[in-house]
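Q: Sending over a structure as C-alpha coordinates; questions will come in a sec.
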Amino acid sequence: MNIALSFVFNIFYVPWFVIISLVLAFFVTLAISFSYISGGHRHALRVFRFGIAWYARTLIKFFYPYVRVRCEYSEKSDATEPYIFVSNHRSFVDSYLLAYLPYEGVLIVNTWPFRIPVLGYYAKLAGYLNINKMAPDVFFEKARRLLEENVSLVFFPEGTRSIGRAMGKFHGTAFRLALQSKMPLVPLCVTGTEKILPKGSLLIRPGKLTIRRLRAIPWEEYKDLTAFALKNRIRRIIGEELERMENPA
(Lines give C-alpha, C1' and ligand atoms only; values in the text may rest on other atoms or scores of the structure.)
Protein backbone atom coordinates (compact mmCIF):
# COMPACT_ATOMS: atom_id res chain seq x y z
CA MET A 1 0.00 0.00 0.00
CA ASN A 2 1.45 3.37 -1.01
CA ILE A 3 1.67 6.40 1.27
CA ALA A 4 -1.41 8.08 -0.25
CA LEU A 5 -3.65 5.07 0.40
CA SER A 6 -2.14 4.63 3.84
CA PHE A 7 -2.94 8.26 4.62
CA VAL A 8 -6.56 7.77 3.53
CA PHE A 9 -6.78 4.67 5.71
CA ASN A 10 -5.52 6.59 8.73
CA ILE A 11 -7.95 9.46 8.14
CA PHE A 12 -10.82 6.97 8.14
CA TYR A 13 -9.72 4.72 11.02
CA VAL A 14 -8.09 7.05 13.54
CA PRO A 15 -11.36 8.80 14.61
CA TRP A 16 -12.94 5.38 15.14
CA PHE A 17 -9.81 4.30 17.01
CA VAL A 18 -10.30 7.19 19.45
CA ILE A 19 -14.01 6.49 19.88
CA ILE A 20 -13.47 2.78 20.50
CA SER A 21 -10.68 3.58 22.97
CA LEU A 22 -13.03 5.74 25.01
CA VAL A 23 -15.82 3.14 24.92
CA LEU A 24 -13.46 0.34 25.98
CA ALA A 25 -12.01 2.53 28.73
CA PHE A 26 -15.53 3.09 30.05
CA PHE A 27 -16.29 -0.64 30.23
CA VAL A 28 -12.91 -1.41 31.81
CA THR A 29 -13.64 1.22 34.45
CA LEU A 30 -17.01 -0.39 35.20
CA ALA A 31 -15.41 -3.83 35.53
CA ILE A 32 -12.74 -2.48 37.87
CA SER A 33 -15.28 -0.67 40.05
CA PHE A 34 -17.38 -3.82 40.39
CA SER A 35 -14.27 -5.91 41.14
CA TYR A 36 -13.17 -3.51 43.87
CA ILE A 37 -16.57 -3.68 45.55
CA SER A 38 -16.85 -7.46 45.29
CA GLY A 39 -13.25 -8.59 45.80
CA GLY A 40 -11.15 -5.80 47.27
CA HIS A 41 -8.10 -3.88 46.12
CA ARG A 42 -5.88 -6.80 45.03
CA HIS A 43 -8.66 -8.42 43.00
CA ALA A 44 -9.47 -5.07 41.38
CA LEU A 45 -5.83 -4.60 40.37
CA ARG A 46 -5.76 -8.04 38.77
CA VAL A 47 -8.94 -7.29 36.82
CA PHE A 48 -7.52 -3.88 35.89
CA ARG A 49 -4.32 -5.35 34.45
CA PHE A 50 -6.14 -7.99 32.44
CA GLY A 51 -8.60 -5.29 31.39
CA ILE A 52 -5.78 -3.20 29.97
CA ALA A 53 -4.51 -6.26 28.08
CA TRP A 54 -8.00 -6.91 26.70
CA TYR A 55 -8.24 -3.24 25.69
CA ALA A 56 -4.89 -3.40 23.85
CA ARG A 57 -5.73 -6.65 22.03
CA THR A 58 -9.11 -5.29 20.98
CA LEU A 59 -7.55 -2.16 19.52
CA ILE A 60 -5.04 -4.21 17.54
CA LYS A 61 -7.79 -6.47 16.21
CA PHE A 62 -9.68 -3.36 15.13
CA PHE A 63 -7.02 -2.86 12.43
CA TYR A 64 -7.29 -6.41 11.04
CA PRO A 65 -6.52 -7.29 8.22
CA TYR A 66 -4.57 -4.04 7.76
CA VAL A 67 -2.41 -5.15 10.69
CA ARG A 68 -2.00 -8.87 11.48
CA VAL A 69 -0.53 -10.38 14.65
CA ARG A 70 1.11 -13.76 15.17
CA CYS A 71 2.03 -15.10 18.62
CA GLU A 72 4.56 -17.92 18.94
CA TYR A 73 5.62 -19.87 22.03
CA SER A 74 8.76 -21.97 22.30
CA GLU A 75 7.38 -23.90 25.27
CA LYS A 76 4.33 -24.28 27.44
CA SER A 77 4.49 -22.42 30.71
CA ASP A 78 2.49 -21.97 33.89
CA ALA A 79 0.51 -18.74 33.56
CA THR A 80 -0.03 -18.69 37.33
CA GLU A 81 3.69 -18.28 38.04
CA PRO A 82 5.49 -14.91 37.76
CA TYR A 83 8.28 -14.26 35.27
CA ILE A 84 10.63 -11.46 34.38
CA PHE A 85 10.15 -10.82 30.66
CA VAL A 86 12.73 -8.91 28.62
CA SER A 87 11.94 -7.77 25.10
CA ASN A 88 13.57 -5.89 22.27
CA HIS A 89 11.91 -2.55 21.56
CA ARG A 90 11.27 -1.04 18.11
CA SER A 91 8.03 0.89 18.34
CA PHE A 92 5.34 2.25 20.63
CA VAL A 93 3.21 -0.64 19.32
CA ASP A 94 5.40 -3.14 21.23
CA SER A 95 3.59 -2.43 24.49
CA TYR A 96 0.29 -3.39 22.84
CA LEU A 97 1.73 -6.69 21.60
CA LEU A 98 2.76 -7.67 25.11
CA ALA A 99 -0.95 -7.77 25.96
CA TYR A 100 -1.07 -11.10 24.11
CA LEU A 101 0.91 -12.74 26.92
CA PRO A 102 -1.52 -14.70 29.15
CA TYR A 103 -0.12 -13.34 32.43
CA GLU A 104 -1.00 -10.68 34.92
CA GLY A 105 1.80 -8.27 34.19
CA VAL A 106 3.21 -4.85 34.93
CA LEU A 107 5.30 -2.87 32.47
CA ILE A 108 8.52 -1.23 33.62
CA VAL A 109 8.63 1.99 31.61
CA ASN A 110 10.20 5.41 31.25
CA THR A 111 8.22 8.59 31.88
CA TRP A 112 6.72 9.13 28.43
CA PRO A 113 4.04 6.34 28.43
CA PHE A 114 2.41 8.00 31.45
CA ARG A 115 1.85 11.13 29.33
CA ILE A 116 -0.36 9.32 26.81
CA PRO A 117 -4.00 10.44 27.16
CA VAL A 118 -6.27 7.82 28.79
CA LEU A 119 -3.72 4.98 28.54
CA GLY A 120 -1.16 6.80 30.68
CA TYR A 121 -3.73 7.44 33.40
CA TYR A 122 -4.77 3.79 33.41
CA ALA A 123 -1.13 2.67 33.48
CA LYS A 124 -0.62 4.61 36.71
CA LEU A 125 -3.72 3.10 38.28
CA ALA A 126 -2.61 -0.41 37.23
CA GLY A 127 0.66 0.01 39.12
CA TYR A 128 3.05 0.22 36.17
CA LEU A 129 6.47 1.28 37.45
CA ASN A 130 8.15 4.46 36.22
CA ILE A 131 11.78 3.51 36.59
CA ASN A 132 12.97 7.08 36.02
CA LYS A 133 10.97 8.44 38.94
CA MET A 134 12.11 6.00 41.63
CA ALA A 135 15.22 5.58 43.72
CA PRO A 136 16.82 2.18 43.01
CA ASP A 137 16.00 0.74 46.43
CA VAL A 138 12.35 1.82 46.13
CA PHE A 139 12.05 0.33 42.66
CA PHE A 140 13.56 -3.03 43.66
CA GLU A 141 11.30 -3.24 46.71
CA LYS A 142 8.15 -2.59 44.68
CA ALA A 143 9.27 -4.98 41.94
CA ARG A 144 9.96 -7.79 44.43
CA ARG A 145 6.59 -7.22 46.07
CA LEU A 146 4.83 -7.58 42.71
CA LEU A 147 6.67 -10.82 41.98
CA GLU A 148 5.67 -12.16 45.40
CA GLU A 149 2.05 -11.43 44.41
CA ASN A 150 2.54 -13.58 41.25
CA VAL A 151 2.61 -10.52 39.00
CA SER A 152 5.04 -10.80 36.09
CA LEU A 153 7.25 -7.86 35.13
CA VAL A 154 8.00 -6.80 31.56
CA PHE A 155 11.16 -4.85 30.72
CA PHE A 156 12.42 -3.16 27.58
CA PRO A 157 16.09 -3.26 28.63
CA GLU A 158 17.18 -1.02 25.73
CA GLY A 159 15.40 1.78 27.58
CA THR A 160 14.09 3.39 24.39
CA ARG A 161 12.94 2.35 20.95
CA SER A 162 15.68 1.39 18.54
CA ILE A 163 15.90 2.82 15.05
CA GLY A 164 15.00 0.17 12.51
CA ARG A 165 16.10 -3.36 13.33
CA ALA A 166 19.35 -2.52 15.12
CA MET A 167 19.11 -3.49 18.78
CA GLY A 168 20.57 -1.07 21.30
CA LYS A 169 22.62 -1.81 24.38
CA PHE A 170 20.81 -3.33 27.35
CA HIS A 171 20.58 -1.68 30.74
CA GLY A 172 21.17 -3.92 33.75
CA THR A 173 18.16 -3.30 36.04
CA ALA A 174 16.09 -6.29 34.89
CA PHE A 175 19.03 -8.62 35.33
CA ARG A 176 20.00 -7.37 38.78
CA LEU A 177 16.39 -7.88 39.82
CA ALA A 178 16.41 -11.42 38.38
CA LEU A 179 19.53 -12.33 40.33
CA GLN A 180 18.09 -10.91 43.55
CA SER A 181 14.60 -12.39 43.20
CA LYS A 182 15.69 -15.77 41.70
CA MET A 183 12.84 -15.56 39.18
CA PRO A 184 12.88 -17.15 35.71
CA LEU A 185 13.92 -14.85 32.88
CA VAL A 186 11.95 -15.05 29.64
CA PRO A 187 13.33 -13.45 26.45
CA LEU A 188 10.75 -12.01 24.04
CA CYS A 189 11.32 -11.21 20.37
CA VAL A 190 9.13 -8.65 18.61
CA THR A 191 9.32 -8.04 14.86
CA GLY A 192 7.37 -5.93 12.38
CA THR A 193 6.41 -3.08 14.69
CA GLU A 194 9.16 -0.86 13.28
CA LYS A 195 7.28 -0.93 9.95
CA ILE A 196 3.76 -0.47 11.36
CA LEU A 197 4.56 2.65 13.34
CA PRO A 198 8.18 3.79 12.86
CA LYS A 199 9.82 6.03 15.42
CA GLY A 200 8.89 9.65 14.75
CA SER A 201 5.85 8.78 12.61
CA LEU A 202 2.14 9.09 13.38
CA LEU A 203 1.04 7.24 10.23
CA ILE A 204 0.06 3.60 10.80
CA ARG A 205 1.18 1.34 7.95
CA PRO A 206 0.02 -2.16 6.98
CA GLY A 207 2.07 -5.17 7.99
CA LYS A 208 2.50 -8.34 10.02
CA LEU A 209 3.59 -8.31 13.65
CA THR A 210 5.14 -11.26 15.46
CA ILE A 211 5.84 -11.77 19.14
CA ARG A 212 7.80 -14.90 20.04
CA ARG A 213 8.18 -16.07 23.62
CA LEU A 214 11.40 -18.04 24.10
CA ARG A 215 12.20 -20.67 26.68
CA ALA A 216 12.13 -19.54 30.30
CA ILE A 217 15.62 -19.50 31.81
CA PRO A 218 15.48 -20.57 35.48
CA TRP A 219 17.64 -18.96 38.15
CA GLU A 220 19.73 -22.15 38.46
CA GLU A 221 21.03 -21.59 34.93
CA TYR A 222 22.26 -18.04 35.47
CA LYS A 223 22.87 -17.73 39.22
CA ASP A 224 26.67 -17.75 38.83
CA LEU A 225 26.67 -14.90 36.29
CA THR A 226 27.09 -11.23 37.03
CA ALA A 227 24.31 -8.86 35.95
CA PHE A 228 26.61 -7.60 33.20
CA ALA A 229 27.28 -11.09 31.84
CA LEU A 230 23.61 -12.04 32.14
CA LYS A 231 22.33 -9.03 30.22
CA ASN A 232 24.82 -9.69 27.42
CA ARG A 233 23.78 -13.35 27.25
CA ILE A 234 20.08 -12.48 27.02
CA ARG A 235 20.79 -9.79 24.44
CA ARG A 236 22.67 -12.33 22.34
CA ILE A 237 19.83 -14.87 22.65
CA ILE A 238 17.27 -12.29 21.51
CA GLY A 239 19.51 -11.05 18.71
CA GLU A 240 20.14 -14.55 17.34
CA GLU A 241 16.44 -15.40 17.45
CA LEU A 242 15.49 -12.17 15.69
CA GLU A 243 17.98 -13.04 12.97
CA ARG A 244 16.32 -16.43 12.49
CA MET A 245 12.86 -14.87 12.43
CA GLU A 246 13.70 -12.19 9.90
CA ASN A 247 16.16 -14.05 7.74
CA PRO A 248 14.99 -17.69 7.65
CA ALA A 249 17.25 -20.11 5.84
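The values are calculated or read from the model by the stated rules, or taken from the named source; none is laboratory data. A quick note: this is a predicted structure, and the numbers were derived from the prediction, not measured. So basically every Cβ, Gly included, is an ideal-geometry build from the backbone, and we count neighbours across all protein chains shown. Areas reflect the complete protein model, heavy atoms only, side chains present, ligands, DNA and RNA absent. Shrake-Rupley method; radii C 1.70, N 1.55, O 1.52, S 1.80 Å.
Q: For Trp219, project a label point 7 Å along Cα to C-beta. Then give me every residue of segment 122-144 with its amide nitrogen under 18 Å of that point.
A: So the set is 140-144.
Q: Can you give me the % of accessible surface on the chain that is carbon or sulfur? Probe 1.4 Å, all protein chains present, nothing else counted.
A: Values: 8020 of 13030 Å².
On the chain, the fraction of accessible area on carbon and sulfur atoms equals 62 percent.
Q: Cut-off under 17 Å on the C-alpha distance; same-chain residues fewer than 8 positions from Lys182 excluded. Which lysines are left, in chain and number order?
A: Lys142, Lys223, Lys231
Q: Now for a separate question. Looking at the chain, identify the longest residue range that excludes and avoids all trypsin sites (Lys or Arg not before Pro) in DSSP loops having at most 15 other Cβ atoms within 10 Å.
A: Details: sites that count: Lys76, Arg165, Lys169, Lys182, Lys199, Arg215, Lys223.
Longest stretch, sites excluded: 77-164.
Q: Counting only C-alpha contacts under 8 Å and six or more residues apart, can you give the relative contact order of segment 67-246 as a whole percent?
A: Details: 304 pairs, mean separation 60.5, N = 180.
This gives 34 percent for segment 67-246.
Q: Can you list the aspartates and glutamates whose alpha carbon is less than 15 Å from that of Lys199, not counting same-chain residues fewer than 8 positions off?
A: Asp94, Glu158
Q: Would you calculate, for the chain, the mean residue ellipticity at 222 nm contributed by helices, counting each DSSP H stretch of 4 or more residues as -39,500 (n - 2.57) and dividing by all residues, to the nearest 500? All intermediate terms of the calculation are to be shown ahead of the outcome.
A: Numbers: 9 runs with 120 residues, N = 249.
That comes out to -15500 deg cm²/dmol.
Q: First check a/c for segment 18-159, with a ≥ b ≥ c the square roots of the eigenvalues of its C-alpha gyration tensor; if it is under 1.5, answer rounded, and if not, answer prolate when a/b is larger than b/c or oblate otherwise. Walk me through the intermediate numbers first.
A: On the way: a/c = 1.30, a/b = 1.10, b/c = 1.18.
Note, shape of segment 18-159 comes out rounded.
Q: Please identify every one of the GluC sites (Glu not before Pro) in segment 1-110 that sits in a loop by DSSP and has no more than 14 other beta carbons within 10 Å of its own beta carbon. Don't skip to the end; give the middle numbers.
A: Working: sites: Glu72, Glu75, Glu104; in loops: Glu75, Glu104.
Those that pass, being in a loop and sparsely packed, are Glu75.
Q: Give the long-range amide H neighbours of Val86: residues separated by 5 or more places, or on another chain, with amide H under 5 Å away, using H modelled in the peptide plane at 1.01 Å from N.
A: Phe155, Val186, Leu188
Q: So, R0 is 51 Å and r is the distance between the beta-carbons of Phe27 and Glu243; what FRET efficiency does that work out to, to 0.05? Each step should come with its number before you reach the end.
A: Working: r = 41 Å, r/R0 = 0.80.
So, using R0 = 51 Å, E works out to roughly 0.80.
Q: I would also like to ask the following. Measuring from centroid to centroid over Cα atoms, what is the spacing of segment 47-68 and segment 145-186 in Å?
A: Cα centroid to Cα centroid, the span is 23 Å.
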